[in-house]
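Peer 1: Supplied in structure tokens, the structure appears directly below.
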Amino acid sequence: MSNGIAYPVFRTSDPAVALNVARQMVAFGVQPYSEVSVEAEVPTLAEVRRLRDALPEAWFRSDTAPFDLDLDPDVARSVPAGELPDDLTRVEEFLPFSVSQLDQPVGSIEGHFAAVTGPHPAEIHWSALMWPEAPERDLHGEGQHAEVTLLLNCESRALDARTDTHLVLVHVRRGNRDGYEDRFAQWLAEQIGQKVIGPPQEA
């Protein structure tokens, strides 16, 4: 079993520019079966209501309490946007919530999600890509850990500390820490005119 590792390759204060760069990296490795997933923190009830309307196909989750207090907690912690209870004040003490939409076709939701997510930490994650080989650089093709992540308003995939910048990460297979991962990530970044700009994040 192998693990992935993610390298930052672009940072900006403009979310539209960040999304464009991420899409360039995705386009380099996209396949017919590639998918995209989105997730955002939702810290207030006002934001829950707003995003319920903006993302009608998404799911909302509370890790500390069910949305429907009459149901088993493990059953009711996740709920489709259209099934959110009218009286959200019953679960206000359990904020923050999260909203997500998983395993969607590439190109289907990224632009809309980036536009409506607001100022809160969020992630757009493309998976099941394929990085080609580069024999001249002694780099092998990679499919299992060929991924791209765009972090909105944060610097970590934990979606914790909020920032005013947006970060594009390129994922590769974590090997033996002999520099191969660094070289692969740098080569990938070069394919879209970028470079590795900081230490990697572990999966």
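The values are calculated or read from the model by the stated rules, or taken from the named source; none is laboratory data. Keep in mind that this is a model prediction, so the values were computed, not measured. Cβ sites come from the backbone with ideal geometry, for glycine too, and all protein chains shown count toward neighbours. Protein only, heavy atoms only, side chains kept; ligands, DNA and RNA dropped before computing areas. Shrake-Rupley method; radii C 1.70, N 1.55, O 1.52, S 1.80 Å.
Peer 1: Just one of Leu159, Leu151, Leu167 is among the aliphatic types (A, V, I, L, M), more than 16 Å from Leu129 (Cα to Cα), touching a His at 6+ places or on another chain (Cβ under 9 Å) and buried (at least 22 other Cβ atoms within 10 Å of the Cβ); which is it?
Peer 2: Values: Leu159 fails: buried (at least 22 other Cβ atoms within 10 Å of the Cβ); Leu167 fails: touching a His at 6+ places or on another chain (Cβ under 9 Å).
Unique residue meeting the criteria: Leu151.
Peer 1: Another question, then. Take the residues in segment 128-144 that are of a type outside the set (A, V, I, L, M) and surrounded by 20 or more Cβ atoms within 10 Å (Cβ to Cβ), then tell me which one is farthest from Ala27 (Cα to Cα). Let's see the steps before the verdict.
Peer 2: If we filter segment 128-144 for residues that are of a type outside the set (A, V, I, L, M), which is where we start, we get 131-133, 135-138, 140-144.
Going one step further and asking which of them are surrounded by 20 or more Cβ atoms within 10 Å (Cβ to Cβ), we end up with 131, 142.
Details: Trp131: 10, Glu142: 15 Å.
Once the filter is applied, the top-ranked residue is Glu142.
Peer 1: Ok, one more. Limited to segment 150-185, what total is found for residues that are more than 17 Å from Ile197 (Cβ to Cβ) and among the small types (Gly, Ala, Ser)?
Peer 2: 4
Peer 1: Please count how many residues of segment 170-188 are modelled with pLDDT of 95 or more, in contact with a His (Cβ under 9 Å, 6 or more places away or on another chain) and not hydrophobic (A, V, I, L, M, F, W, C).
Peer 2: Number of matching residues: 1.
Peer 1: Then there is this: Which one is nearest to Asn20 (Cα to Cα) among residues in segment 170-194 that are open to solvent by 60 Å² or more (accessible area, probe 1.4 Å) and part of a strand (DSSP E or B)?
Peer 2: Here the answer is Arg173.
Peer 1: Checking Trp126 against (1) closer than 30 Å to Arg49 by Cβ; (2) not in a strand (DSSP E or B), which test does it fail?
Peer 2: With respect to (1) closer than 30 Å to Arg49 by Cβ; (2) not in a strand (DSSP E or B), Trp126 is out only on (2).
Peer 1: Name every residue in segment 106-121 that is of a type outside the set (Gly, Ala, Ser), open to solvent by 30 Å² or more (accessible area, probe 1.4 Å) and touching a strand residue (DSSP E or B) at 6+ places or on another chain (Cβ under 8 Å), in order of residue number. Reasoning before the result, please.
Peer 2: Just the residues of segment 106-121 that are of a type outside the set (Gly, Ala, Ser), to begin with: 106, 109-110, 112-113, 116-117, 119-121.
Then drop every residue that is not open to solvent by 30 Å² or more (accessible area, probe 1.4 Å), which leaves 106, 112, 119-120.
Selection gives Val106, Pro119, His120.
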